[in-house]
1. Out of curiosity, is K221 over 23 Å from L365 (Cα atoms), surrounded by 14 or more Cβ atoms within 10 Å (Cβ to Cβ) and not polar (S, T, N, Q)?
2. Got a sec? Which strands (runs of 3 or more DSSP E) wholly within segment 1-107 have at least 3 residues that are at pLDDT 80 or above, farther than 29 Å from R257 by Cβ and touching a helix residue (DSSP H, G or I) at 6+ places or on another chain (Cβ under 9 Å)?
3. Is segment 355-372 home to any residue that is surrounded by fewer than 16 Cβ atoms within 10 Å (Cβ to Cβ) and touching a helix residue (DSSP H, G or I) at 6+ places or on another chain (Cβ under 6 Å)?
4. Since A191 meets every condition but one in (1) without any contact (Cβ under 8 Å) to a residue 60 or more places away in the chain; (2) under 21 Å from G283 (Cα atoms); (3) part of a loop (DSSP other than H, G, I, E, B); (4) not aromatic (F, W, Y), which condition does it not meet?
5. Where in segment 277-334 are there strands (runs of 3 or more DSSP E), lying fully within it, with 3 or more residues that are crowded, with 20+ Cβ neighbours inside 10 Å?
6. Search segment 208-231 for residues that are under 19 Å from V262 (Cα atoms) and pair each with any residue that is open to solvent by less than 50 Å² (accessible area, probe 1.4 Å) and basic (K, R) when their beta-carbon atoms are under 6 Å apart and the residues are at least 6 apart or on different chains.
7. What about K342, is it closer than 30 Å to N195 by Cα and either without any contact (Cβ under 8 Å) to a residue 24 or more places away in the chain or surrounded by fewer than 20 Cβ atoms within 10 Å (Cβ to Cβ) (or both)?
8. Being in a strand (DSSP E or B), over 18 Å from I222 (Cβ atoms) and either of a type in the set (D, E, K, R) or modelled with pLDDT of 95 or more (or both) is the filter here, so list the residues in segment 248-276 that pass it.
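The values are calculated or read from the model by the stated rules, or taken from the named source; none is laboratory data. These numbers were taken from a predicted model, which means no experiment stands behind them. All Cβ positions, even for glycine, are placed from backbone atoms using ideal geometry, and neighbour counts span all protein chains on display. These accessible areas exclude ligands, DNA and RNA; they are computed on the full protein's heavy atoms, side chains included. Shrake-Rupley method; radii C 1.70, N 1.55, O 1.52, S 1.80 Å.
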Amino acid sequence: MIQKIFISLLFFMQSSFALAQVTASYRIKSSSICNSEYSLIILSAADLPRTLGLKIENLSLLRFTEDEQQSIVFQIDQKDVHGRYILNKHPDDSKLNKRLGKNDELVFRAKDLGERLSPSFKQFKQKLLIEIEVYSDQNKSSGWIYIILQENKSNSVKRGASLLYQSEEDRIISPVYKVGFSNDKPFLLNAFHWNLSENLSSENFASEEVKWSSDMTDTMKIRHMGKFFGFPFKRTDDDYYSKLLSVKKGPLRVIRRTENTVKVFWKLKSPALYIDYVMMPDGFIMDTMIDIPFKISFFFSELITMTTMDWNNSVEQQHLFIKTENSNLSLPVNGKNTDNKKKFNQIMASNFSAMGELGNFNVKLDIPDDFPIHSQLYLRDALHEIDLPENNPGQFGNVGFKTTGWENIDSELHHLKFTVCVDKR
């Protein structure tokens, strides 16, 4: 009897010792922005209390499969109390020695989720681990990731990166797409290419051997219309002053910020408007931070903003269709206006898809509940019409959103986000 008690006690002590490395365990719902093999998981540090205050440079991420551990690539993007990303003043400035705060984000690839650490796996019994279970509502099995706490560890691992920023061209390259931004107006995306290569490994998506489609777009467009002291006005890209302020180059996300103003009247400009592009391997977010220090309705009325992407009438785009979840309309982009396309312009919605033979371009506009603007879909498909000031001939599937009610916004900071998910076929 005594021998049995001793054996049971010894087994309990061994099990407890093996489990002692897990100092905290969290179960969090998956928060992927897009849904593809390249999707990222974004976790808020606020949901991981045990990590708060830890030195970022001392953190590492592990996954376990069949009792084998593997270090994985991750990045931490810091935010201030207003939800704005804290970016370096210079793209190559890496002099960071900060601690994790509750507003910060932990980012890693969804495919790097592993299995739960077995109690019998004792290799890490002398290490401190934080266990994170990630689950979804799509009846998928959970995945686990582990944060290992150790000293003198830099998280600047480049192996396994899923995104590349080329600063000279101001260009982003991912395994799915390649995009470029306007030199004169860097807040405008003006080039999009699909990756045409097959069986692409995670290491060579930016090599010279990769095949790219032609540029699928003419340019992104922003138009403002309304009345200023009762007089009608229209502002286009030519009325914008824009400069690239900062770029954070991470292995999984690239965040680039621009400062922008709009000419209102003669030499009078609007307050600065900051736009962050959060670039991901399978899409991006255009986060417009609106912080007007006065009530717009004092000066403006009947304000309308049109934010669209004008596609390129290339051979590769001959089978492009526009769809939305809010209607059963499937509109072929052919440069011809139709009654169904006019109906599309009457739909009050905040999402649409441009679907082609090479891939899908899914767009969603996220309007905060306390932001008093309204979204309506917009499509102009007319090759014979020139939409100045751009020099591109005609409008080929010029699609996006028409937003109204801007004169009603207050002087608080708001984030208006356009989320784009891309998926090649």
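1. When the stated conditions are applied, K221 does not pass them.
2. Numbers: elements: 22-29, 40-44, 59-65, 68-71, 74-77.
Correct list: 22-29.
3. Yes - at least one qualifying residue is present in segment 355-372.
4. Going through (1) without any contact (Cβ under 8 Å) to a residue 60 or more places away in the chain; (2) under 21 Å from G283 (Cα atoms); (3) part of a loop (DSSP other than H, G, I, E, B); (4) not aromatic (F, W, Y) one by one, A191 breaks only (3).
5. Working: elements: 283-290, 300-311, 321-323, 330-332.
It comes to 283-290, 300-311.
6. What qualifies is H224/R235.
7. Considered against the rule, which asks whether it is closer than 30 Å to N195 by Cα and either without any contact (Cβ under 8 Å) to a residue 24 or more places away in the chain or surrounded by fewer than 20 Cβ atoms within 10 Å (Cβ to Cβ) (or both), K342 comes out as no.
8. If the condition is that a residue be in a strand (DSSP E or B), over 18 Å from I222 (Cβ atoms) and either of a type in the set (D, E, K, R) or modelled with pLDDT of 95 or more (or both), then K248, K249, V254, I255 are the ones that fit.
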